[in-house]
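So the structure is just underneath, and the comments pick up after that.
Derivation of every value follows stated rules applied to the coordinates shown; laboratory data play no part. Remember, predicted model here, so these are calculated numbers, not experimental data. Backbone-built Cβ (ideal geometry, glycine too); neighbour counts: all protein chains shown.
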Amino acid sequence: MAIFLGIDGGGTKTSCVIGDEKSELGSGTAGASNVLRVGEAEARTSLLNAIQEACSAAKIDPGQITRCCVGVAGAARPEVASIVRKILAKIISGDVGIVGDMVIALHAAFGQGYGVVVIAGTGSIAYGRDARGQTARAGGWGFAVSDEGSGHWIGRAALMAALRAEDESVGSGALLLRAVMKAWNVETRDALVMKANTSPAAHFAALFPAVLIAADSGDELAGGILRRGGEELAALAKIVVGRLFSGAGEVPVAMSGGVFRNSALVREAFCDELQQACPQVAIDGKIAEPVRGALDLARSGIKQQIPHS
């Protein structure tokens, strides 16, 4: 019996699903495995732990895996693909295909069909394919210069807004400031600022749940940031729709990632903004699960599919 493994290697979480030709047999999760964000050592630990958990659940030895498809950010870079391949070679003897994280998300949403998927997790990107197989992307250039509407972007925007409100002594940022301080486990504003400015690639995405809590408590500042995040994600989708589907009929659009899954405000702002800008879009309300796209690609035997901009 052929055994297949799909992996979604994210900036916060790694997800694995093992299956045969028709069924899912087991799954596993672990920490971040985005090599560009967390480095090789942490990526190795997360990938191996997630695979072992999935194999244990499926009662499968990793050596039995026939083919694996891994979706990771930065897969177009040979050095990233080489690191991931080297890590997996220590545990998997079968074929390993490494693709961009947007490839598995697009496949999860549309299979071999056409459409646009917008991913908002730790990072963000919009990626699409038209009926001729042409692809286009927008965003996804990394947390320092892009990733609009992502968990990282929302966390950083929340901290900036709370500190600005504090500077202005208007009091509107007090609840949000307390929430982000609790999330980062600091007790003073000075400690918060030091962590934000001295921690290597300070993990602003970890502040996203705090922004959700503040927004759910009625904090207008937090709610406004989430709505702005949705609008930023809609702007990315609009670019891809314009590049691939100008003059076309209905355009399917899907959402993927933890930001969309966990924030109704982001989803609502995204849908409202995109439908106003592009009336031809048909947005699927379900959140696409990239790891299942990876499993399906592993089954189909697609070993390498690096997207171009």
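Translational diffusion coefficient, Stokes-Einstein: compute it for segment 135-224 using the Kirkwood radius over C-alpha pairs as Rh, at 4 °C and 1.567 mPa s, and state it as an integer in µm² s⁻¹.
Working: Rh = 13.4 Å.
D, rounded to a whole number, is 96 µm²/s.
Helix-only mean residue ellipticity at 222 nm, the chain, DSSP H runs n ≥ 4 weighted -39,500 (n - 2.57), per residue, nearest 500. What is it? Could the numbers behind the result be given before it?
Working: 11 runs with 149 residues, N = 309.
Estimated from H runs of four or more residues: -15500 deg cm²/dmol.
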Directionally averaged projected area (convex hull, Cα atoms, segment 166-309), nm²: 12.0 nm²
Segment 141-209 versus segment 80-138: alpha-carbon centroid distance in Å: 30 Å
Once you place label points 7 Å from the Cα toward the Cβ at GLU187 and GLN275, how far apart are they in nm? 4.9 nm
To the nearest 20 debye, segment 1-139 has a Cα-centred charge dipole, built from +1 on Lys and Arg Cβ and -1 on Asp and Glu Cβ, of 260 debye
Quick query: amide H of ILE283 versus all other amide H atoms, modeled in the peptide plane; which residues come in under 5 Å with a sequence gap of 5 or more or a different chain? VAL253
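Please arrange ILE18, ILE65 by counting, for each residue, the other beta carbons lying within 10 Å of its beta carbon, fewest first.
Numbers: ILE18 29, ILE65 25.
Ascending number of Cβ neighbours within 10 Å: ILE65, ILE18.
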In a Gaussian network model over the chain where Cα atoms closer than 10 Å are linked, find which of GLY28, GLY11, GLY113 has the largest mean-square fluctuation. GLY113
Based on the alpha carbons, how large is the Rg to Rh ratio for segment 1-72 when Rh follows Kirkwood? 0.98
With the Cα gyration tensor of segment 9-150 in hand, convert its eigenvalues to equivalent ellipsoid semi-axes via √(5λ) and list them largest first in whole Å. 25, 19, 13
Between ARG132 and GLU42, what is the FRET efficiency for a Förster distance of 51 Å, r being their Cβ-Cβ separation, to the nearest 0.05? 0.80
Specify the angular offset, from 0 to 90 degrees and rounded to the nearest 10, of the alpha carbon long axis of helix 290-300 from the longest principal axis of the alpha carbons in the chain. 10 degrees
With charges set only on the Cβ (+1 for Lys and Arg, -1 for Asp and Glu), what does the dipole of the chain come to about its Cα centre, in debye to the nearest 20? 740 debye
Starting from the Cα of LYS22, draw a straight line to each of the lysines and keep only those under 29 Å, dropping any in the same chain fewer than 8 residues away. LYS13, LYS59, LYS86, LYS90, LYS286, LYS303
Eligible lysines near LYS195 by straight Cα distance, threshold 16 Å, same-chain separation 8 or greater: LYS182
Longest to shortest principal axis, alpha-carbon extents of segment 70-118, angstrom: 36, 21, 11
Degrees between helix 101-110 axis and first principal axis of the chain (Cα, 0 to 90, nearest 10): 80 degrees
Indicate, rounded to the nearest 5 percent, the antiparallel portion of the DSSP beta bridges found entirely in the chain. 50 percent
P(r) of segment 1-41 over all Cα-Cα pairs, binned every 10 Å from zero, in whole percent: 30, 41, 24, 5
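Take the alpha carbon gyration tensor of the chain, find the square roots of its eigenvalues, order them as a ≥ b ≥ c, and report rounded if a/c is under 1.5; if not, report prolate when a/b exceeds b/c, else oblate.
Numbers: a/c = 2.15, a/b = 1.33, b/c = 1.61.
Note, shape of the chain comes out oblate.
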Taking Cα atoms, the helix 174-183 axis meets the longest principal axis of the chain at an angle in degrees (rounded to 10) of 40 degrees
Among GLY39, GLY151, GLY258, whose mean-square fluctuation peaks in a Gaussian network model of the chain (Cα, cutoff 10 Å)? GLY39
